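Written out below as structure tokens is the structure these notes cover.
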Amino acid sequence: MARLPEPGGDVDAWASILNEYLLVAHNDDGSQRVESIPPHSVTLWDLDVKNPTTQNITNLVLTNEDSRLVWKNPSEVARATTRLRINVTDFGAKGDGVTDDTVAIQAAIDSIENGGVVEIPRGTYPVRGLKIKKHGTTITGEARFGTRLVRHSGTDPLLDFSGTASLNGHLKFCSVTNIMLIGNYKPGTLLRSYFADNFVYRDVSFVHCDGAALDFVEVWDTRFYNCSWENCGNNDQPSALFRNSMPAGEFGYGEDNTNQIHFLGCRWESWRNGAVRLDGGANGSSHLLNGFFFVSCKMESRHAAGPAFQIMPGSTLIFVNQLYIAVMAVEPDQVKPLDAIEDHGSHIFMTDVYVQWGTEVNIANSLAHIVRSGPHMYYKLSTYYPSQDPVEAAVVVEPEAFDVILSCNVSNRGKTVIGDAAVVMLSSPSSGIGVPLDSTGSFRIVNNTTSKDLVKIDNNTTRPALHTLNGVDTVGFSDNYTTEKWRIVGSTGSARFAANKFQIDGSKGYVGINATPTANIAMLIRPAVEGDRGLTIVRPTGTSTLRLMEFQDETYNIQGLAIDSNGRPLAVGTPPKVTAGEQVSYANPRVQVRDIAGNITAAVRPSPTAPGTIATITFSRPYAAVPLFITLADHSAISGDLYVSARSTTSFTVSTRSALRGGLILNFDYSIIA
């Protein structure tokens, strides 16, 4: 490949190398061939342009005019320059943190047409306020901490993306990315947007602003991605303010609303009177600010002067998912306690909300204060109070609010809810599940198939009542019957526990349950008046053969007396023990009714015989006292001249007064009255 000789090299070969190069690199007429021109050898000064060679091209833009290039002032560039990315340093911006760069950056912004991109390189640019008036303008820096617009002086918005009028006068399709807006702790908004829609703000930081850093009026369909507000707002204004309209006669007055604003992964730090305020009713607007979405956001401050999240009247359709709020301390001289969320809106949907409180005394009033309107739906709420109960409760519902639905609301201390909530599920190991009701409310369990109530509880202040309807059986008990615990009311009478009595229709007496005046008695049945029956047991059918009543011991074995279906006593239970006496060879029990009656058969021994004992009957259990009466009925073919010769609490003995015939069979009944 032909080349030029190398200085200091190619000894004794210069001539041949140079001749070869000239032959290969040039045409026959001596002009240089284009393909032999080394790359990157043309400078701006070598371009074939229409400008005079003596013209200074600093701060000019290279563009085309027909088939020729020309350097022009930016303001003279034709529409085709909207494809260019304008750099503010080409217009004289310094970014040194000292020079007022307002004029230079504004000139760059004004030089573009719709859809242009204004690049602001790394640096600190003091400005008094910049206005963007062309659709589709993008303001982009290199990084949030790398590119900084800082307030130089005045109170104009640092960036003003505003249209000209309501509705059809909107500014559209603009965006801001990778930049930090710094208020220098001075009054004045950092970003104002009136009459605008379809904006995107990505990786933008708002810092050190004495007042609302963000001021939106009649803005539609706008997104914030990974933006932050730090030390913005004051004791009167929030960090971010959203309204529908300004007062009549002022710029920003309109007849529409602000809607469809989305925040994703945004955070507010060190706010004063609120991180966000949604104020649809501000300045008398009759329209509803609506469609705000907050996802995975954070609001934390040690300088609180008001609720973190403020949903004011005239605001609706607010959606929150995954919100962390930390109210760690209150600004000096500010009124305490505070609410974390103040809700005057309607159609409010909040889920996965956590509120952390600081240890300052009397700092916390509520996680959410629901003031008016409805519905309000709060799901999966949690709050932590490190040192004190909330002054009111985790959730406070005012009388003017309606259709409040809370679910999975957890608080580590204090009351969980105050006020009227349509459905509240309160759950913890200590409190269980609670459904608070006012005097007009009721709790219902409904059959989903029939739509009929299965259980209904009326919370009447005079007489609360539990209704079990449509064939539902009720089973209940209490460990303490010192006062009335429950009653069942029917169409024909009532049954209740009251004053230690189970009462069935108060005019018919009562059943006493082991208490005064029935002490030491398990149950007492007392008719009300002469002629009333104390206890009636009705057999199920005329052919019934089962027992209607029976007595059982502590192991639930049948003992003592039983009554058959015809009201007759039955022989049941464990019989007493019968021991043969000296005058008989055996004494066997036959039918026995435990310890109160029985029949015994005995055989007199062959010989010799004499007066003496026939049998000893030992009770299955001792009596408390010696039986009063023991009656014998001798059924023997020949009288045995029997009598009770001895008795005690544990047994009695039957003897004969005569010498009986050997082999005589004795048969007798006995009955006992203790």
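The values are calculated or read from the model by the stated rules, or taken from the named source; none is laboratory data. Values in this document were obtained by computation on a predicted structure and should not be read as measured data. Positions of Cβ are generated from backbone atoms using ideal geometry, with glycine treated the same way; all protein chains shown enter the neighbour counts. Just the protein is used for accessible areas: all its heavy atoms, side chains included, with ligands, DNA and RNA removed. Shrake-Rupley method; radii C 1.70, N 1.55, O 1.52, S 1.80 Å.
Remarks
- Residue match in region 400-415 (condition: modelled with pLDDT of 95 or more, open to solvent by 80 Å² or more (accessible area, probe 1.4 Å), within 18 Å of I348 (Cβ to Cβ) and part of a loop (DSSP other than H, G, I, E, B)): yes
- A Cβ distance below 7 Å, combined with a sequence gap of six or more or placement on separate chains, defines the contacts here; from region 341-352, residues that are closer than 13 Å to L367 by Cβ reach residues that are open to solvent by less than 40 Å² (accessible area, probe 1.4 Å) and polar (S, T, N, Q) in the pairs E342/Q310.
- Of all the residues in region 337-350, those that are open to solvent by 30 Å² or more (accessible area, probe 1.4 Å) and under 17 Å from S411 (Cβ atoms) number 1.
- Considering residues of region 157-170 that are outside any loop (DSSP other than H, G, I, E, B) and within 41 Å of the chain's Cα centre (by Cα) only, the residue nearest to S205 (Cα to Cα): L159
- Per-region count, region 324-362, residues at positive phi and part of a strand (DSSP E or B): 2
- Applying the criterion of being of a type in the set (G, A, S) and open to solvent by 10 Å² or more (accessible area, probe 1.4 Å) to the residues of region 234-253, the residue that is nearest to V295 (Cα to Cα) is A248.
- Residue in region 180-197 that is at positive phi, touching a Ser or Thr at 6+ places or on another chain (Cβ under 7 Å) and open to solvent by 10 Å² or more (accessible area, probe 1.4 Å) present: yes
- Residues of region 556-597 that are assigned to a loop (DSSP other than H, G, I, E, B), open to solvent by 50 Å² or more (accessible area, probe 1.4 Å), modelled with pLDDT under 75 and β-branched (V, I, T): T574 alone.
- In region 602-651, of all residues being in a loop (DSSP other than H, G, I, E, B) and among the charged types (D, E, K, R), the one that is most open to solvent (accessible area, probe 1.4 Å) corresponds to R621.
- Residue count, region 128-156 (criterion: surrounded by fewer than 21 Cβ atoms within 10 Å (Cβ to Cβ) and either assigned to a strand (DSSP E or B) or not polar (S, T, N, Q) (or both)): 18
Yes or no, residue by residue, for (1) under 60 Å from the mean Cα position of the chain (by Cα); (2) in contact (Cβ under 8 Å) with a residue 24 or more places away in the chain; (3) within 30 Å of T541 (Cα to Cα):
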| residue | (1), (2), (3) |
| --- | --- |
| L561 | no, yes, yes |
| R568 | no, no, yes |
| P575 | no, yes, no |
| Q592 | no, no, yes |
| N599 | no, yes, no |
| A603 | no, yes, no |
| F619 | no, yes, no |
| L632 | no, yes, no |
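- Single unsatisfied condition, L288 versus (1) within 17 Å of Y384 (Cα to Cα); (2) open to solvent by 10 Å² or more (accessible area, probe 1.4 Å); (3) out of contact with any Lys or Arg (no Cβ under 9 Å at 6 or more places or on another chain); (4) of a type outside the set (S, T, Y): (1)
- Of the residues making up region 98-127, just one is assigned to a loop (DSSP other than H, G, I, E, B), among the polar types (S, T, N, Q) and over 19 Å from E142 (Cβ atoms), namely N114.
- The condition (being at pLDDT 95 or above and over 23 Å from D403 (Cα atoms)) is satisfied by just one residue among E300, E342, E360, E331: E300.
- Some residue of region 270-277 being more than 19 Å from A326 (Cβ to Cβ), surrounded by 24 or more Cβ atoms within 10 Å (Cβ to Cβ) and in contact with a Cys (Cβ under 9 Å, 6 or more places away or on another chain): no
- Number of the condition not met by R144 [criteria: (1) modelled with pLDDT under 95; (2) touching an Asp or Glu at 6+ places or on another chain (Cβ under 8 Å); (3) on the phi > 0 side of the Ramachandran plot]: (3)
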